[in-house]
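Here is the structure we will look at, set down as structure tokens.
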Amino acid sequence: MLLHTIHHVAIIVSDYKKSRDFYVNKLGFEIIRENFREERNDYKLDLRLGDCELEIFGVVNPPQRVNHPEACGLRHLAFLVTDMEGVIKELKAVGIDTEEVRIDEFTGKKMTFFFDPDGLPLELHE
């Protein structure tokens with residue numbers, strides 16, 4: 001196979017400004033580029049976190065997620081952390097609540113979930 005790595009993950013958001021604030025100002029993603037696409041009447045925001053990129057498309061009136069989180073397609077994004085309690089404390093400081101920490105039955109590592117402004121599940125995995 002000639003595949004090397006995953007280049008990026010793309011998500012569609014319903015409130016561009018709220019999601020931009022969430023991912024950039026609260027979670028600390030770096031902006032690579034930000035463009036308004038007049039022909040589509042939407043925003044495209046390219047973000048970086050470490051070696052990974054996240055594309056955010058701010059679309060007017062996108063369809064809602066079917067259910068939480070078991071719809072076909074993207075289930076969740078997971079972030080690797082080395083200090084679960086420290087990250088949870090940082091998230092709470094910016095107004096983001098997390099579920100209770102539990103142990104992943106397969107890896108034996110700590111994990112928990114929180115949600116972006118559109119309810120997309122985001123995982124912390126130690």
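Listed here are the strands (runs of 3 or more DSSP E) enclosed by the range 1-89 that have at least 1 residues being among the basic types (Lys, Arg): 30-37, 42-49. The residues in the range 21-56 that are under 24 Å from Asp97 (Cβ atoms), touching a Phe, Trp or Tyr at 6+ places or on another chain (Cβ under 9 Å) and not hydrophobic (A, V, I, L, M, F, W, C) can be counted, and the count is 1. When Phe79, Phe22 are screened for being closer than 19 Å to His125 by Cα and of a type in the set (A, V, I, L, M, F, W, C), only Phe79 passes.
Residues in the range 67-126 that are among the aliphatic types (A, V, I, L, M), closer than 18 Å to Ser19 by Cα and surrounded by 11 or more Cβ atoms within 10 Å (Cβ to Cβ): Leu74, Leu77, Ala78, Leu91, Val94, Ile96, Leu120, Leu122.
For the range 89-104, the count of residues that are hydroxyl-bearing (Ser, Thr, Tyr), in contact (Cβ under 8 Å) with a residue 12 or more places away in the chain and out of contact with any strand residue (DSSP E or B) (no Cβ under 7 Å at 6 or more places or on another chain) is zero.
Being of a type in the set (Asp, Glu) and in contact with a strand residue (DSSP E or B) (Cβ under 8 Å, 6 or more places away or on another chain) is the filter; apply it to the range 20-36 and report the residue that is surrounded by the most Cβ atoms within 10 Å (Cβ to Cβ).
Taking the candidates together, the pick is Glu34.
Checking Ile96, Ile88 one by one, the residue that is in contact with a Phe, Trp or Tyr (Cβ under 6 Å, 6 or more places away or on another chain), of a type outside the set (Phe, Trp, Tyr) and farther than 30 Å from Glu38 by Cβ is Ile96 and no other. In the range 34-50, the residues that are within 19 Å of Lys18 (Cα to Cα) reach residues that are part of a strand (DSSP E or B) and among the small types (Gly, Ala, Ser) with C-beta atoms within less than 6 angstrom, at least six apart or across chains, in these pairs: Asp42/Gly58; Tyr43/Gly58.
Looking at the range 3-19, is at least one residue of a type in the set (Lys, Arg), surrounded by 13 or more Cβ atoms within 10 Å (Cβ to Cβ), out of contact with any Pro (no Cβ under 8 Å at 6 or more places or on another chain) and touching a residue at least 12 places away in the same chain (Cβ under 8 Å)? The answer is no; no qualifying residue exists. Scanning the range 99-126 for residues that are of a type in the set (A, V, I, L, M, F, W, C) and in contact with a Phe, Trp or Tyr (Cβ under 6 Å, 6 or more places away or on another chain) yields Leu122, Leu124.
Within this structure, Tyr43 fails the test of being surrounded by 15 or more Cβ atoms within 10 Å (Cβ to Cβ) and either within 13 Å of Asp118 (Cα to Cα) or touching a Cys at 6+ places or on another chain (Cβ under 6 Å) (or both).
All of the numbers you see were taken from the coordinates with simple rules; none came from a lab. Since the structure is predicted, the reported quantities are computational estimates derived from the model, not experimental observations. When we count neighbours, we look across all protein chains shown, and the Cβ atoms used for this are built from the backbone with ideal geometry, even at glycine.
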